[in-house]
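Okay, so here's the structure we're looking at.
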Amino acid sequence: MATVNLAPPLPASVPRPAYTNEPFVDFSQPENKRRMQDALAVVQSQLGREYDIIIGGKHLKTKEKIVSVNPARPAQAIGVHQRASAEHVEDAMHAAQTAFASWSRVPVKQRAELLFRVASLIRERSFEFCAWLTVEVGKNWGEADADVGETIDFLEFYGREALRLDEAKTPIQFPGERNQLRYIPLGVGAVIPPWNFPFAIMAGMTAASIVCGNVVILKPSVDAPTIAAKFMELLEEAGLPDGVVNFCPGEGPEFGSEVVAHPQTRFIAFTGSKAVGLEIHERAAKTQPGQIFIKRTILEMGGKDSIIVEADCDLDAAVEGVAVSAFGFNGQKCSACSRAIVAESIYDLFCDRLQERVAKIKTGDPAENFYGGPVISDKAYRKALAYIEIGKSEGTVLNGGHAIETPEGGFYIAPTVIADVAPTARIALEEIFGPVLAVIKSQSFDDALAIANNTEYGLTGAIYSNSREKLDRAREEFHVGNLYFNRKCTGAMVGAHPFGGFNMSGTDSKAGGPDYLLLFTQAKSIAEKIGHSTPAQEKQSEQMGM
Ligand code: NAD
């Protein structure tokens, strides 16, 4: 049986503390500011380092490289990565299968301990990870800290969840039998994360997989492979056996799709766009020669999220909630508000107040902790600008509507608010994934709900209202996976707000929730006859016909 090299476990007499969310760092404290600046200096000294593919513990290089760059200064290389391609799939699968034979039998307690150990390593170096997120994807300090905190939360939460699942019991014990329900691993999983929560989502999907006894081929986003390479270093440091996680940076269509198609890939944990999620869904559904199972897909996809603002709300709170939901991390969250649906009677006032609030957002290098930063890439920059042009013909520009040029050539776009947008306009329906907000007027609360539900997505949504009746109706009729009342629609907390959406936003999975780990397991029911059954018991079980 495989063993893992872990820090000594807590003595049995010391119960693991109950799960709580990692506290946020207060960067207004001089000490925290200094620690973040020191971490940025440390990271600066490591920029441009080369990272390897790691398959079965072996470090590999390729001729072709992936270079991740700082979106605030695209000439600055953050990490140089190998480029896994179709030829690496078979080796990665072989290494993973080999590791699965032993890792799947490591006691759950040990697997959970490994997650706890990784969480504590991240906690010790949290500022350093924040700094990597700042330079690789352009997160300001608060956003970077939220990503690091969520990473720790996933590790702590899924560790405890795996222990809980291990204690599962059948609802009843059948007379004359010992009945057991065990959640066993699935096998080899492809973990394919996006770039926008490149630490938390990448680590979360990986941790959920391995704590359940699965093994993983991890293909990080080409826009954020360095933070994933740092996570891989942590797993090695914590004692994860070779082959349990195989680190393979590569292009989606070139490498990711090959792993998805492989007949021995048992499941795919994906977070990203609707288009790619649907493609993975289709590819995974096609049975390959030699495949002996139906692949499972856990797909978390895009959003077009709305905040309804009613006339009976606290207007200050609504303006603030819409602004931070729309422009936090430059609108590059699947949960970001990209549609404000505002009641007619307060529409003009709301627009004036929002315009004033958004004008206060200062844009600049996230390393200097500006609130507004760059979008991730040239591709994202062009896409957002193209949508802004469409938006100019679909509404009235209240803020922004243009790029911001800097000497370093960062991918900056001014926070853009476009009002008087029709509910069926393109900028009201299509995911832009940038700092662009459409404001839509509603004629009534019925109208507001109908507009909120008129997209193909169903991820997050919020409503600002002081009417209990309206909130109760929204509870029933606002069809999103994560619904918030009188607060922003971003910032889901692990455990408190299990996260994931309906319709084209994904497969209705709930990351950070009590059902999530079930998706990474299959349940096995075992019945052992004990003693002698009475004739009545025999007859009863025969009648049940199973
Ligand atoms: P993306 O779909 O472009 O890429 C996601 C991942 O898929 C990347 O690792 C990419 O390399 C890989 N990929 C691309 N083509 C592939 C293919 N053909 N086969 C296999 N893998 C492939 O998304 P992105 O730009 O990285 O992330 C932004 C998107 O993610 C947005 O749509 C956002 O809404 C969504 N997102 C959703 C959630 C959620 O929880 N629902 C969370 C974060 C982000």
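The values are calculated or read from the model by the stated rules, or taken from the named source; none is laboratory data. Worth saying up front: this structure is predicted, and the values here are computed from it rather than measured. We place every Cβ from the backbone using ideal geometry, glycine too, and count neighbours over all the protein chains shown. Ligands, DNA and RNA are excluded from the accessible area calculation, which covers all protein heavy atoms including side chains. Shrake-Rupley method; radii C 1.70, N 1.55, O 1.52, S 1.80 Å.
Points to keep in mind about this one:
- The lysines within cross-link reach of residue 295, meaning a Cα-to-Cα straight distance under 25 Å and a gap of 8 or more places when in the same chain, are 219, 274, 286, 510, 524.
- Neighbour net charge for residue 162 - beta-carbon separation under 13 angstrom, K R +1, D E -1: +1
- Electrostatic dipole magnitude of the chain [Cβ: Lys, Arg +1; Asp, Glu -1; Cα centre; debye, to 20]: 1200 debye
- Checking every one of the GluC sites (Glu not before Pro) in the stretch 86-183 against DSSP loop status and a limit of 12 other Cβ atoms within 10 Å picks out 167.
- Cα→Cβ-extended label distance, 7 Å offset, between residue 278 and residue 397, nm: 3.1 nm
- Measuring nothing but protein heavy atoms, the accessible surface of the chain at 1.4 Å probe radius is 53 percent carbon and sulfur.
- Listed pairs 230/383; 139/304; 169/529 exceeding 19 Å between Cα atoms: 230/383; 139/304
- Stretching residue 67 away from residue 424 to a fully extended chain increases their span by 124.6 nm, per 0.36 nm per residue minus the current alpha-carbon distance.
- Long-range HN-HN contacts of residue 437 with modeled amide H, under 5 Å: 416, 417, 418
- Residue 456-residue 530 FRET efficiency (beta carbon distance; Förster radius 51 Å; 0.05 resolution): 0.45
- Considering only beta bridges that DSSP places wholly inside the stretch 305-485, some 20 percent are antiparallel.
- Restricting the stretch 432-491 to GluC sites (Glu not before Pro) in coil, as DSSP defines it, with at most 10 other Cβ within 10 Å: none
- Inter-centroid distance (Cα atoms) of the stretch 208-230 relative to the stretch 162-188, Å: 28 Å
- Packing around the peptides 214-220, 372-378, taken as the average count of other Cβ atoms within 10 Å per residue, puts them in this order, highest first: 214-220, 372-378.
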